[in-house]
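Student: The structure that follows is given in the form of structure tokens.
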Amino acid sequence: MTILYIALALVVAYLLGSIPTALWVGRRFFNLADIREHGSGNAGATNTFRVLGPKAGSAVLLVDALKGFVAAYFLPKLLVTYGAIAPEHELYFKLACGVLAVVGHIYPVFAQFRGGKGVATILGMMLGVAPATVGVCMGIFVVMLLLFRYVSLASMTAGVSFALLQLLPPFRPQQPFMVYVGFVLAALLIYTHRANIGRLRAGTESRVPLFGRK
């Protein structure tokens, strides 16, 4: 029964991540057949902001972050509650469920395995694991976005900052392996933004309009 509960939690985590929020919001509220055929061709919050506007983009961002948070925070707690795992193993399952939600977001079974880049879902996942460090990274994201108006650059900078912050005493995790997890997640963000990096180098990356600036 223990293995069944664990397997079920892992499957649910992937299926949660696989919810194609941007795709469904576009179809349900904007009569848009496939948001991946517009803008950057991505099914994530940034492209939703670009194609459908700030209200839709904010809704997609919130839901995509919730997918990661619910998977990483609540599913392992349920496993502990039902005695499927020991409390001291909860962190490992937080990471496992969170990562599966991120994988589901990037490769969603409900959307032909073509999803988003995982930024919002990673954010939600890490809020469930290391909220203090993530809070600082969110501040870094906002500053970078205000300075340069590139969501991709702000996302990658925040992801790398998370990994580096864990090397500092105030943010050093009790479990050393979390440092490696941080760097793996940063590498994943850079990998999923490889096309954006090319556009940044070429000067063709789209900027986010702020305060009426184009």
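The values are calculated or read from the model by the stated rules, or taken from the named source; none is laboratory data. Computed from a predicted structure; not experimentally measured. Here Cβ is always computed from backbone atoms with ideal geometry, including for glycine, and neighbour counts include all displayed protein chains. Keep in mind that these areas ignore ligands, DNA and RNA; they rest on the heavy atoms of the full protein, side chains included. Shrake-Rupley method; radii C 1.70, N 1.55, O 1.52, S 1.80 Å.
Student: Would you please name the residue that is least open to solvent (accessible area, probe 1.4 Å), looking only at residues in the stretch 1-23 that are of a type outside the set (Ser, Thr, Tyr) and part of a loop (DSSP other than H, G, I, E, B)?
Tutor: PRO20
Student: Within the stretch 192-211, track down each residue that is in a helix (DSSP H, G or I), farther than 26 Å from LEU127 by Cβ and open to solvent by 90 Å² or more (accessible area, probe 1.4 Å).
Tutor: ARG201
Student: Identify, from the list LEU62, LEU100, the residue that is closer than 15 Å to VAL12 by Cβ, part of a helix (DSSP H, G or I) and open to solvent by 20 Å² or more (accessible area, probe 1.4 Å).
Tutor: Only one candidate qualifies: LEU100.
Student: Within the group GLY124, GLY116, which residue is assigned to a helix (DSSP H, G or I) and in contact with a Gly (Cβ under 6 Å, 6 or more places away or on another chain)?
Tutor: GLY124
Student: To continue, here is another question. Within the stretch 162-191, can you find the residues that are in a helix (DSSP H, G or I), open to solvent by 20 Å² or more (accessible area, probe 1.4 Å) and not aliphatic (A, V, I, L, M)?
Tutor: Scanning the stretch 162-191 gives PRO169, PRO170, PHE171, PHE177, TYR180, PHE183, TYR191.
Student: To continue, here is another question. Taking the stated definitions as given, is SER155 hydroxyl-bearing (Ser, Thr, Tyr) and not in a helix (DSSP H, G or I)?
Tutor: Answer is no for this residue.
Student: Moving to a separate point now. Checking THR48 against (1) open to solvent by 30 Å² or more (accessible area, probe 1.4 Å); (2) at pLDDT below 95, which single condition isn't satisfied?
Tutor: THR48 satisfies every listed condition except (1).
Student: For the stretch 120-144, give me each residue that is surrounded by 15 or more Cβ atoms within 10 Å (Cβ to Cβ), farther than 17 Å from ASP64 by Cβ and not hydroxyl-bearing (Ser, Thr, Tyr).
Tutor: Within the stretch 120-144, ALA130, VAL136, ILE140, MET144 qualify.
Student: Here is a follow-up. Taking the stretch 24-45 on its own, how many of its residues are open to solvent by less than 60 Å² (accessible area, probe 1.4 Å) and either under 18 Å from the mean Cα position of the chain (by Cα) or under 23 Å from GLY124 (Cα atoms) (or both)?
Tutor: 10
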